[in-house]
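Inspection log for the structure reproduced underneath, given as structure tokens.
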Amino acid sequence: AQPLTMTGVNARLDHTLDSRNAAPGQIISVKIDHAVKTVDGIDLPGGTELMGKVDQVKSSQNGGPATLSIVLNEAQTKDGKQVPVKVTLVGAYPPGQHSDDTYGTETMGPAPKHISMREKVDQEPGVLSHTSMTSSVKSHDSAVFRKDNGDVKLAAGTYFQVGIAPANQGGLNQGAE
């Protein structure tokens, strides 16, 4: 098997996710901003939805820590085609009235073209309103969000930079069951 190499693209969360009321298995989706072609030749047009679920959630108790992990494992094109994929978040940025100016492609830059199998991300809590994000290409999860003093809340429109690869590349099979 070839080592896993992911192709990067910017995407946006379709709806709000909150550890206070999220449940394991809850369906989630993010929409990619522009067309992307993975290293093995899968074409995903702009607007393709990356579908998945909340994997694990722990809500805050009495202002304590909360965590929310997500798995994105299927690309669904506008014409209904479904493709099993492995998705890893490599960055997360808040939405907002001026977020296109603040965290649009010009500020956060384009997603990396290629993301290595060894890629690990530890995003500090400053970018996403006191919420940290960790991810690893080798992990089952696409990302884990943590807030030390209250619930994790990712608003609709939250910007993600993601890596996408076929679900079965490099021996990983994330969601092709």
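The values are calculated or read from the model by the stated rules, or taken from the named source; none is laboratory data. Since this is a predicted model, take the numbers as computed values, not measurements. Methodologically, a virtual Cβ is constructed for each residue, glycine included, from the backbone with ideal geometry; neighbour enumeration extends over all protein chains shown. Note: areas computed on protein heavy atoms with side chains; ligands, DNA, RNA excluded. Shrake-Rupley method; radii C 1.70, N 1.55, O 1.52, S 1.80 Å.
Checking S29 against (1) modelled with pLDDT under 90; (2) hydroxyl-bearing (S, T, Y); (3) out of contact with any Lys or Arg (no Cβ under 8 Å at 6 or more places or on another chain), only one condition comes out false. Which one?
(1)
Please tell me if T88 is part of a strand (DSSP E or B), at pLDDT below 95 and closer than 19 Å to M133 by Cα.
yes
Is it the case, given these coordinates, that S29 is of a type in the set (S, T, Y) and not in a strand (DSSP E or B)?
no
Among the residues of region 1-21, how many are surrounded by fewer than 17 Cβ atoms within 10 Å (Cβ to Cβ), in contact with a helix residue (DSSP H, G or I) (Cβ under 7 Å, 6 or more places away or on another chain) and within 16 Å of A143 (Cβ to Cβ)?
The qualifying residues number 0.
Can you pull out every residue in region 128-144 that is touching a Lys or Arg at 6+ places or on another chain (Cβ under 9 Å) and under 16 Å from V87 (Cα atoms)?
Within region 128-144, M133, T134, S135, S136, V137, K138, S139, S142 qualify.
Within region 52-74, restricting attention to residues that are in contact (Cβ under 8 Å) with a residue 60 or more places away in the chain and within 9 Å of V152 (Cβ to Cβ), which residue is nearest to the chain's Cα centre (by Cα)?
Applying the filter and picking the extreme gives L68.
Does region 46-53 contain at least one residue that is assigned to a strand (DSSP E or B), under 17 Å from A167 (Cβ atoms), among the hydrophobic types (A, V, I, L, M, F, W, C) and at pLDDT below 90?
So far as region 46-53 goes, no, none of its residues is assigned to a strand (DSSP E or B), under 17 Å from A167 (Cβ atoms), among the hydrophobic types (A, V, I, L, M, F, W, C) and at pLDDT below 90.
Step by step: first the residues of region 64-79, then only those that are open to solvent by 40 Å² or more (accessible area, probe 1.4 Å) and not polar (S, T, N, Q), then the one that is farthest from V39 (Cα to Cα). Which residue is that?
P65
In region 22-38, what residues are open to solvent by 70 Å² or more (accessible area, probe 1.4 Å) and touching a residue at least 24 places away in the same chain (Cβ under 8 Å)?
Within region 22-38, P24, I27, H34, K37 meet the criteria.
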